[in-house]
Amino acid sequence: MAATSAPAAPAVRPASLPAATGQAGIPGALRSEFTKIRSTRSTYWTLLALVVVTVGFGALASWGAASHAKGLGPGFDPTQRSLGGLYIGQLIIAVLGALAITSEYSTGMIRTSLTAMPRRGTVFAAKAVVFATIAFVTGLITSFAAFFLGQALMSGQHINATLGQPDVLRAVIGGALFLTICGLLAFGIGMILRHTAGAITASIGLLFVLSILVNFLPQSWQADINKWMPTIAGSQIWATRASADGGAPMFSAWTGLAVFAGYAAIAVIAGVILFRRRDA
């Protein structure tokens, strides 16, 4: 008679390991992505450069305005002048936005991330949310610091603004929104290209170089095309007075920001589609 095999003993989980939980979800992915971004030294240096450069250029522009106060026209916008450093700051946050995704591809860590969390949509969403939160908080600190320093420099000539004046608070907070969208645009481009140098180059080209190249077009075209440029459309949010180019009015503050956000949305959506379809 054949011997009956004994039933297999149930696996015993070592007491030192934490209790098994359910399927990993967005909270765990958020914690993981936050750990990644804060453990990278380049994050701190890039954010520090963003604050210093943006506030510094804004202070320089404000000092220049105070030094030539008598020559300022009736359309002078002290809020926009103090936030002028955002034109340079957008390039710095774009670098961080690209690095937030391309650095994992350059080191091969993206394979480890997808092994730990196979749901690519969750990984992408966590990366985008963590980066956008850091960019917005840093942008708020930067915009308020630039505003207060700039207004202090212009107060001696009585050409400064206060947060209580119409549209000023919106403009300062809008500066943070502007930087966040800049970063997300570069983030989406980084996911599309998966190459650090290429993503940074493409982002700077779209945000900065493209606006310059428009100036080489016939004058009759520039007025209609300029307002659709990403940076020009988005920058209307940190101005308190409507501007015009060649007689053609620019978009209003929120409309311009929506146009700018549309560019970023296209890049992010394209990035997540390719991320879910391509191999790591």
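The values are calculated or read from the model by the stated rules, or taken from the named source; none is laboratory data. All of these numbers come straight from a predicted model, not from anything done at the bench. Note that each Cβ is placed from the backbone with ideal geometry, even for glycine, and that neighbours are counted across all protein chains shown.
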With respect to T107, is the statement that it is closer than 26 Å to I181 by Cβ and not aliphatic (A, V, I, L, M) true? no
Pair list, Cβ under 9 Å, 6 or more apart: region 63-83 residue more than 19 Å from S143 (Cα to Cα), other residue surrounded by 12 or more Cβ atoms within 10 Å (Cβ to Cβ) and among the hydroxyl-bearing types (S, T, Y): A66/S155; G75/S243
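From the list A69, A49, A59, A65, which one is farther than 19 Å from I204 by Cα and at pLDDT 95 or above?
Only one candidate passes the filter, namely A59.
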Among (1) buried (at least 20 other Cβ atoms within 10 Å of the Cβ); (2) in contact with a strand residue (DSSP E or B) (Cβ under 9 Å, 6 or more places away or on another chain); (3) of a type in the set (G, A, S) - the single one G190 does not satisfy: (2)
Single residue of S103, S113 found to be closer than 15 Å to I37 by Cα, touching a residue at least 60 places away in the same chain (Cβ under 8 Å), more than 21 Å from the chain's Cα centre (by Cα) and in a helix (DSSP H, G or I): S113
Out of the residues in region 84-100 that are part of a helix (DSSP H, G or I) and without any contact (Cβ under 8 Å) to a residue 60 or more places away in the chain, which is surrounded by the fewest Cβ atoms within 10 Å (Cβ to Cβ)? I88
